[in-house]
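S.K.: The structure is given below, and queries will be raised subsequently.
The values are calculated or read from the model by the stated rules, or taken from the named source; none is laboratory data. What you see is a predicted model, and the numbers here were worked out from it, not measured in a lab. Quick reminder, even Gly has a Cβ in these numbers, built from the backbone with ideal geometry, and neighbours come from all protein chains shown. We work out accessible area using only protein heavy atoms, side chains counted, and drop any ligands, DNA or RNA first. Shrake-Rupley method; radii C 1.70, N 1.55, O 1.52, S 1.80 Å.
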Amino acid sequence: MTKPFQFNASDITVEKRETVFQGFFRMDKLWLTHPRFDGRDMPVFTRELFLRGDATCVLPYDPQRDEVVLLEQFRLGAMGRDQSPWLLELVAGMNENGETPEEVAQREGQEEAGLTFSKLEKICNYLVSPGGSTELIHLYCGRISTESAGGLFGVEHEHEDIRAHVVSADDAIAMISDGRINNAAAIIALQWLQLNRARLREGWV
């Protein structure tokens, strides 16, 4: 049997590339070709590519109280569906030039929830929607105390309006099953917590 990953980026030929939109985000159109698995070359085809920088997301977790902090805020992309467009999410922010994901985590923890992480454990990196977007998520779990957590946060000039909720780990995990949490970063992080919770409660306290 053949093994995966027989091709890499050097096998792609970009015949032409142009920026078709530049606003808060950028969209490029590409004309490209690449080899096929059957040995032929793919005819030149076009794709639009959403250029969005990498981001960092953090699940704030208190191992002593077995509680997490989840952020509620409006999300435009959830409009028009059979749900509220105010979602429960993780601490998250775009990575700026020169910033490490850990620096982004601490900055966003302060801005979005008034939290400082005493430890950050890497969960994974993942591509959000690689069929048409460049965005890569750096996902972490961050140790905090929920003793005084919660409240209203956000950077006003960035039009952020955030309510931080303290939720038991059990309740947060249950929200995945019943659909109240349906965004990828929160689902992945909470399922990771489900698998690693006992270790964190023993080793992080």
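S.K.: Take the Cα of SER133, step 7 Å along the line toward its Cβ, and report every residue of the stretch 32-64 whose backbone nitrogen sits under 16 Å from that point.
M.R.: 48-58
S.K.: Go through 14-25, 41-52, 177-188, 100-111 and give me the packing order, highest mean Cβ count within 10 Å leading.
M.R.: 100-111, 177-188, 41-52, 14-25
S.K.: In the chain, what percent of the accessible surface is made up of carbon and sulfur (1.4 Å probe, ligands and nucleic acids excluded)?
M.R.: 51 percent
S.K.: Just order 154-163, 129-138 by mean Cβ neighbour count inside 10 Å, highest at the front, would you?
M.R.: For the peptides 154-163, 129-138, the packing ranking is 129-138, 154-163.
S.K.: Please report, to one decimal in angstroms, the Kirkwood hydrodynamic radius of the stretch 85-205 built from all distinct Cα-Cα pairs.
M.R.: Hydrodynamic radius (Kirkwood, Cα pairs) of the stretch 85-205 is 15.5 Å.
S.K.: Could you give the angle, 0 to 90 degrees to the nearest 10, between helix 184-203's Cα long axis and the longest principal axis of the Cα atoms of the chain?
M.R.: Value to nearest ten degrees: 50.
S.K.: So if the hydrodynamic radius of the stretch 53-116 is defined as the Kirkwood radius over C-alpha pairs, what does Stokes-Einstein give as its diffusion coefficient at 4 °C and 1.567 mPa s, in µm² per second?
M.R.: D, rounded to a whole number, is 100 µm²/s.
S.K.: Taking the Cα of ASP11, stepping 7 Å toward and past its beta carbon, and measuring to each backbone N in the stretch 37-57: which are under 12 Å?
M.R.: Residues 37-42 qualify, since their backbone N sits under 12 Å from the label point.
S.K.: Which net charge results for the neighbourhood of MET42, defined as the other residues with beta-carbon distances under 13 angstrom from its beta-carbon, given Lys and Arg at +1 and Asp and Glu at -1?
M.R.: Cβ neighbours under 13 Å give a net charge of -1.
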